[in-house]
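Take a look at the structure set out below.
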Amino acid sequence: MEDSLSPVALLIDQLKNEDTQVRLNSIRRISTIAKSIGPERTRKELIHFLTESTDDEDEVLLALSEELGGFIDLVGGAEHASSILPPLESLAAIVEETTVREKAVESLNKVAEAIPNESFKDTFVQLVKRLSSGDWFTSRTSACGLYAVAYRKSSEDTRKELRSSFLQLCKDETPMVRRSAASSFGNVVRQFTKEQVREEVLPIFNQLASDDQDSVRLLSIDACCAVSSLFKNEENVQIIIPVISNCVSDKSWRVRYTVADKICELAQCLGPELTKSNLVSFFIKLLKDNEPEVRTAAALRVQGFGSLSSTDVIIKQILPAIKPLITDQSQHVRAALASNIMGLSTILQREKTVEHLVEIFMALLKDDYPDVRLNIISKLDVINSVVGIELLSQSLLPAIVDLAEDRQWRVRLAIIEFIPLLGSQLGVQFFDEKLSNLCLTWLGDSVCAIREAATLNVRKLAEVFGSEWAKNNVIPKVLSLYTHPNYLYRMTTLLSISQLAPVVGSEVVLSVMLPLVCKMVEDSVPNIRFNAAKTLKSLIPLLDASVVQSQVKPVLNKLYEDQDRDVKHFASLALQQI
Amino acid sequence: MKWKLNQVFGEDPSAVNEENIITSVRFDPHGDFLAIGYQCGQVVVFKNTTGDTFKFYAQFESHHPEFDFLTSLEIEERINKIRWLKQKYDGTRMMLTSNDKTIKLWKLSERKKRGEAENNGMPKTQAKRVFGNAHAYNINSVSLCSDGETFISADDLRVNLWSLEDNKESFTCIDIKPTNMSELSEVITSATFHPFLCNQFIYSSSKGVVYQADMRTNALCESNLRCFKESNPSGKSFFSEVTSSMSDVQYSPDGRYIMARDYLNLKIWDVNNDSSPLAIYNVHDHIKPKLYELYENDIIFDKFECCWSPDSKSVMTGTYSNGFVIFDVASGEPTHMQAVNPRDKRKRRNATLPVTEDINFDEKVSHITWSSKSDLLACAAGNYIYLYVGNN
């Protein structure tokens, strides 16, 4: 019975709406509609309608592609899964927006998994064939992403056709299609037998690896892993190593960069023997590349690659190649090295770390560029577990002080965040002597973000060193700021109190902090007064009820009578807390 | 090849209209469409229907005038460059259009969109992406890469590399801004990608040099440039510095030659020999006697485009008095043409060779395009576009 209020009719109506948001919302609800009308009507009416609706704004089509992927149960389960294919095929074939096509391909693969094997060939495989021979590059590009699943679920006869047509796509005249084929190459080829790869695939693989378009060549590196998994070491020397070797010496730095980026994956696929005999020398070559981007990518892989090599190789071959990078011209290379090299210490263990690595850390700690120093300091806990931090403390301190006083506030902010960690590792005594002054200076920094981070820092230190320490060393100085002529610094006192109160113990709160806050409610600047109200509100849970009634409440009541509206407002909020 | 005027599009010659001055023309790579950009920011597209006849297909407003608050300057909506994407699918075409500061990716589609009323058979136009905020100076060129994924845009001092998929980021691969601006002596005037190599592009400068960048060597390309120049320039005059500034540079479709247009000449280099041009063709030597006058009234700074025929055997460029010249590359023989509007009732000389006294400097062919179908070219002068068909 076709009711004018039927869900499908309503959907049809909404999808004619001019407002994209309305259409988008209704597409997002199609699963609800499907549930309400049941599987048969979903297949016959809803899916049918959606197949005709594949011309819309990209946002709407993206949502549609996604929703359809979840329709398997809604159309009545696996045996009917193929009914979802038509709208998805349309979306994959002609929408030029890449994100929509990719989502459609993703959903198509989901549906394909569910289709029973008996009907797979006539439904999904036919779809793949149609897309592969489509006139528009969009359909051929989408087709590439479907071969992995199609191949897996097909019988040997069909597989033969699929192999042939996939390899055809790898030779397509349009770079977009070749790129898509190269990206899917690994997943598809992984399923072939060794003989099939040797005879049919290797020539194509070599073609992709020497394609005119840089963007295609660099995608073949990923495929190396899949292809190599089928062969033994001796064979890979003939097959894969030459390909990687060409890529390492490729004229285009983007290809070389990709090798550096994927060197760890390659090492894992090829195994320790080939890594040692071939990949190490490639890695070293990349560390010495003349394009800084490539050196940066290689520097970021030092730890990962090192963990796949022997200690011997690291010391004899990799470290000598790294040393020049310490003084590399590009600060990005040095920063990348600094962020990664600390990890080698866990591989080399204590003795060798002291012997070989510590000097590198020291040198990087003195670098001009703040990011380099920050990257070293951020990984200090790694060092600490291996050699202990005392070794570095001599060089650490000047480096920290330098960073703490850097002109760029973001650099100062970054170093503040490491202070609690440093404190816990250096110990109270060292900290007090050298670093506590710094922490207090930050409380008076000209940049607000720094002052805020500094108060948070002080609290964390109180957590690390204990409330006694906080009471004796920090509180007096923090609180003395309340006499500063500039109200912004007086605010710091209030903020610190809010932060510190939970960790210093009720005695301190009662004896020192509360009186101070009560004094500050008389400040001439309204901002101070209402922040005092806010601080009181945060203190209330920490105080005895009697104290709250006798000391806090009167003060708040007085603030409530204040002339300034904001002060009144925050006072009332605090009073509500009581 | 004999060229015959086939169609003229534009307005009534008696109505001079600033807004409708044509500022950019381009055939699409398949020769099916012709796009025309205007001073007022509009783009009109004609479609090749039967034979070599074009009919109106679509019109849309590509750019609006804007105001840059930081510099207190108006940003004009004038369309500087149009470049069609090679990809086509299912009744859909895409193009890049650019004004001084912003590049837009437009989609023209014949499929009706849901929720829209029937468009009277006109295709739907939609701005898919806006590539903005990347140029401190005025954009002079846009060029698509053969990889189908990226393009470059150039202004006076920088060349930016974009991905068609991402309008949030662009990478400055050439930056010739000196640390001290008072040392500035050379600016970029035009840039273009190689027709089929994905990693090479060239750009021309105000000093009369063409630089070739290889994107494979380094991420920042200015360290590794080849220079195409003239080793022994002859006939240097007082104005040489100004007239040698290049206004346009193009690779030949077969990728073997580079052509550049400066104020007086077309220069052609073999890509393998950067020391000296293969040929220099004089476009309008007859204006040389007037150079002083032209310098005084700034006409000497006029910019002209140049283009190749699809078989790489001929080149074309515009000149004054609504003229344009086609040179045979091998022999250097010129064919002088003049774009005359049949509706223009003013008296015209019949001679094809231009004469100094008769030059009309207010009328020039500054924008030209040659279709991939060899026998079709278009040139724009003022408010009009002239389509020529050739036959042997």
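The numbers here are math on the coordinates, done by the rules we state, and not lab data. Computed from a prediction, not measured in an experiment: that's the story for all the values here. With ideal geometry, Cβ positions are generated from the backbone for all residues, glycine too; neighbour counts draw on all protein chains shown.
Please average, across the residues of A:6-19, the number of beta carbons from any other chain that are within 10 Å of each residue's own beta carbon, and give a whole number.
Across the residues of A:6-19, the mean count of other-chain Cβ atoms within 10 Å is 1.
Calculated from DSSP H runs of 4 or more alone, at -39500 (n - 2.57) each and per residue, what is the 222 nm mean residue ellipticity of chain A, nearest 500?
-19000 deg cm²/dmol
Filter the GluC sites (Glu not before Pro) in the range B:1-69 to those in DSSP coil with at most 14 other Cβ atoms within 10 Å of their Cβ, and list the result.
For GluC sites (Glu not before Pro) across the range B:1-69 that sit outside H, G, I, E and B with at most 14 neighbouring Cβ atoms in 10 Å, the list reads B:11, B:18, B:19.
Checking the table B:267/B:313; B:128/B:168; B:177/B:236; B:86/B:364 against a 19 Å threshold on Cα-Cα, which pairs fail?
Pairs exceeding the cut-off: B:177/B:236; B:86/B:364.
Among the lysines, which fall within straight-line cross-link reach of residue A:568, defined as a Cα-Cα distance under 25 Å, with same-chain neighbours fewer than 8 residues apart omitted?
Partners found: A:519, A:534, A:537, A:553, A:558.
Say we join alpha carbon atoms closer than 10 Å with springs in a Gaussian network model of chain B; which of B:367, B:284, B:64 then has the biggest fluctuation?
Among B:367, B:284, B:64, the largest GNM mean-square fluctuation belongs to B:64.
Excluding residues fewer than 8 places away in the same chain, name every one of the aspartates and glutamates whose C-alpha is closer than 13 Å to that of residue B:55.
Within the straight-line limit of under 13 Å, residue B:55 reaches these aspartates and glutamates: B:32.
How many partner chain Cβ atoms sit within 10 Å of a residue's Cβ in peptide B:208-219, on average, as a whole number?
3
Which one, A:476, A:449, A:527, projects farthest toward the positive side of the charge dipole computed for the range A:440-553 from Cβ point charges (K/R +1, D/E -1)?
A:527
Rounded, prolate or oblate: which fits chain A, taking a ≥ b ≥ c as square roots of the Cα gyration tensor eigenvalues, rounded meaning a/c under 1.5, else prolate when a/b beats b/c?
It comes out oblate by the Cα gyration axes.
Residues with beta-carbon under 13 Å from that of residue A:443, excluding residue A:443: net charge, scoring Lys, Arg +1 and Asp, Glu -1?
Once all neighbours under 13 Å are counted, the net charge is +3.
Quickly estimate the mean residue ellipticity at 222 nm for chain B, helices only: each DSSP H run with n ≥ 4 gives -39500 (n - 2.57), and the total goes over all residues, rounded to 500.
-500 deg cm²/dmol
Please report Rg (one decimal) and Dmax (integer) in Å for the Cα set of the range B:43-142.
So, for the range B:43-142, Rg and Dmax equal 15.6, 51 Å respectively.
In the range B:123-222, which GluC sites (Glu not before Pro) fall in coil by DSSP and have 13 or fewer other Cβ atoms within 10 Å?
Qualifying residues, ordered by number: B:165.
Are there cysteines in chain A with no other Cys C-beta under 4.7 Å, and if so, which?
A:144, A:170, A:224, A:247, A:264, A:439, A:448, A:518
Over the range A:400-453, what relative contact order in percent results from Cα pairs under 8 Å that are six or more residues apart?
35 percent
Quote the relative contact order of chain B in percent (integer), defining contacts as alpha-carbon pairs under 8 Å separated by 6+ residues.
RCO, chain B: 14 percent.
Which order, highest average first, do B:133-144, A:94-105 follow once you tally other Cβ atoms within 10 Å for each residue and take the mean per peptide?
So the order, starting with the most tightly packed, is A:94-105, B:133-144.
Assigning unit charges at the beta carbon (Lys, Arg +1; Asp, Glu -1) and nothing else, what dipole magnitude in debye, to the nearest 20, does the range B:47-206 show about its Cα centre?
Computed about the Cα centre, the dipole is about 900 debye.
Calculate the dipole size of the range B:140-185 relative to its Cα centre from +1 charges on Lys and Arg beta carbons and -1 charges on Asp and Glu beta carbons; express the result in debye to the nearest 20.
That gives the range B:140-185 a dipole magnitude of about 160 debye.
Could you size up the charge dipole of the range B:11-100 around its Cα centre, putting +1 on the beta carbon of Lys and Arg and -1 on that of Asp and Glu, and report it in debye to the nearest 20?
In debye, rounded to 20, the range B:11-100 gives about 660.
Which whole-number percent gives the relative contact order of chain A, counting Cα pairs below 8 Å spaced six or more residues apart?
5 percent
Taking the Cα atoms of the range A:35-169 alone, what are Rg (to one decimal) and Dmax (as a whole number) in Å?
Answer for the range A:35-169, Rg first and Dmax second: 14.2, 45 Å.
Roughly how crowded by other chains is peptide B:36-48, in terms of the mean Cβ count from those chains within 10 Å of each of its Cβ atoms?
Taking the mean over all residues of the peptide, I get 0.
Filter A:194/A:232; A:129/B:107; B:2/B:373; A:434/A:460; A:160/A:194 down to the pairs with a C-alpha to C-alpha distance above 20 Å, please.
Where the Cα-Cα span goes over 20 Å, the pairs concerned are A:129/B:107.
Along the charge dipole of the protein assembly as shown, pointing to its positive end and built from +1/-1 on Cβ of Lys, Arg, Asp and Glu, which listed residue (B:380, B:268, A:224) has its Cα farthest out?
A:224
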